[in-house]
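S.K.: Okay, here's the structure, questions in a sec.
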Amino acid sequence: MRAVEPEVFLIARPELDYDELARYLREVGGERWLERLDRGELDAQNLAEFAGRLCYRSFEPGLNPNVTRIRTDQIDYLRNILASAHGSVLEHISFSFVLHNVSRVLTHELVRHRPGVAISQESLRFVRLTEIPFWFPQWAREDRELMDRATEMLRRLEEFQVWMAEHFGLDEEGVPFADKKHKTSFMRRFAPEGVATGLVWTANVRTLRHTIEARTAAGAEEEIRLLFHRVGELMRKEAPALFGDYTVEDGAWIPGWRKV
């Protein structure tokens, strides 16, 4: 048994093609809006603002006869997007994470969040277990008898995995991969649901906001609360205008505006 800690790696974020944006804006007369943008590390916020302004052709006053004045400050503009629950523009902005050393308890919870999500998870049909990586919450680590019994049980499960591989001769020369896959698929049935795994999880900002709120709430499973607290911290740095309305109380992320 190997003790592990859940980890989050942010591996992909939006990147705007400003040349193409400029080409479009010349067509509609909104070039001056592009001049106001900070092109540093805020592409996610710039994309949200662009999508929102396209809806109303509000890059500049007068482009739409109904629009006589506009918000020129991006933070104010995006705060109004959130307050108005104009959440569709947030669906254009996606981030990809590696969720590492998370249990299948957690991944079974996470698959309930389907809209705006893409998932690629490590397959134990193909990946053979030689150990049982496992996360224990702090309260469990402090219970000596519980830890002794739990680690002994996990040690026996590890031994059984190794025994099955030897029994099936999976490492002998010339064993077809199809046979290895067939036996490995059977062997995974003897792994606990708490075995640590990994996945790539991609979600758009609208989904991220909902998931951070739901999965850090007091009643959520504690491992997923821990993980999405870290996701929330990452997103507040990546797009402060889109995640800066949250307050954190006893680990729960409470948004200033719900149902965006």
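Read-outs throughout are calculated quantities, based only on the coordinates presented, and are distinct from any laboratory measurement. Keep in mind it's a predicted model, so treat the numbers as computed, not measured. A quick note on method: Cβ atoms are made from the backbone with ideal geometry, for glycine too, and the neighbour counts reach across all protein chains shown.
S.K.: Any lysines with Cα under 24 Å of the Lys237 Cα? List them, leaving off those in the same chain fewer than 8 positions away.
M.R.: Straight-distance partners of Lys237: Lys259.
S.K.: Angle between the Cα long axis of helix 74-83 and the longest principal axis of the chain, 0 to 90 degrees, nearest 10?
M.R.: In the chain, helix 74-83 runs at an angle near 70 degrees to the longest axis.
S.K.: How are the C-alpha pair distances of the chain spread across 10 Å bins, as whole percents from the shortest bin up?
M.R.: Percent of Cα pairs in each bin: 6, 24, 25, 18, 13, 8, 4, 1.
S.K.: Here is a follow-up. Calculate the all-directions average of the projected area of the range 125-190's alpha-carbon convex hull, and give it in nm². Could the numbers behind the result be given before it?
M.R.: Numbers: hull surface 19.0 nm².
Convex hull of Cα atoms, orientation-averaged projection: 4.7 nm².
S.K.: Could you work out the longest stretch of the chain that avoids the trypsin sites (Lys or Arg not before Pro) located in DSSP loops with at most 13 other Cβ atoms within 10 Å? Each step should come with its number before you reach the end.
M.R.: Values: sites that count: Arg36, Arg39, Arg69, Arg112, Arg125, Arg258, Lys259.
Excluding the exposed sites themselves, the longest stretch runs over 126-257.
S.K.: For Lys183, give me every one of the aspartates and glutamates with a C-alpha distance below 13 angstrom, ignoring sequence neighbours fewer than eight places off in its own chain.
M.R.: List returned: Glu166, Asp171.
S.K.: If contacts are Cα pairs under 8 angstrom and at least 6 residues apart, what is the relative contact order of the range 44-186 in percent? Could you put the intermediate results ahead of the total?
M.R.: Details: 70 pairs, mean separation 29.0, N = 143.
Worked out over the range 44-186, it gives 20 percent.
S.K.: Say R0 is 41 Å: what FRET efficiency, to the nearest 0.05, do Glu7 and Asn64 get from their beta-carbon distance?
M.R.: Numbers: r = 47 Å, r/R0 = 1.14.
Once the sixth-power term is evaluated, E becomes 0.30.
S.K.: Let me know the longest stretch in the chain that avoids all chymotrypsin sites (Phe, Trp or Tyr not before Pro) found in a DSSP loop with at most 15 other C-beta atoms within 10 Å.
M.R.: On the way: sites that count: Phe126, Trp257.
Longest site-free region, per DSSP loop and neighbour criteria: 127-256.
S.K.: Sticking with this one: Report the equivalent ellipsoid semi-axes for the range 198-260 in whole Å, largest first, defined as the square roots of five times the eigenvalues of the gyration tensor built from alpha carbon atoms.
M.R.: Numbers: eigenvalues 52, 44, 22 Å².
Here the semi-axes work out to 16, 15, 11 Å.
S.K.: A further question on this structure: Based solely on its DSSP helices, what 222 nm [θ] is calculated for the chain when runs of n ≥ 4 H residues each add -39,500 (n - 2.57) and the sum is averaged over all residues, nearest 500 deg cm²/dmol? Don't skip to the end; give the middle numbers.
M.R.: On the way: 11 runs with 119 residues, N = 260.
Calculated at 222 nm, the ellipticity per residue is -14000 deg cm²/dmol.
S.K.: Please state, as a whole number in µm²/s, the translational diffusion coefficient that the Stokes-Einstein equation yields for the range 45-199 at 25 °C and 0.890 mPa s, with Rh defined as the Kirkwood radius across alpha carbon pairs. Before the final figure, lay out the partial values.
M.R.: Numbers: Rh = 20.3 Å.
So the translational diffusion coefficient is about 121 µm²/s.
S.K.: In Å and from the alpha-carbon atoms only, list the Rg and Dmax of the range 107-260.
M.R.: Spelled out, the Cα radius of gyration and Dmax of the range 107-260 are 19.8, 61 Å.
S.K.: Please give the charge dipole size of the range 41-103, origin at the Cα centre, charges +1 on K and R Cβ atoms and -1 on D and E Cβ atoms. Round to the nearest 20 debye. Present the calculation step by step, with values, prior to reporting the outcome.
M.R.: Values: 5 positive and 7 negative charges, 52 e Å.
For this selection, approximately 240 debye.
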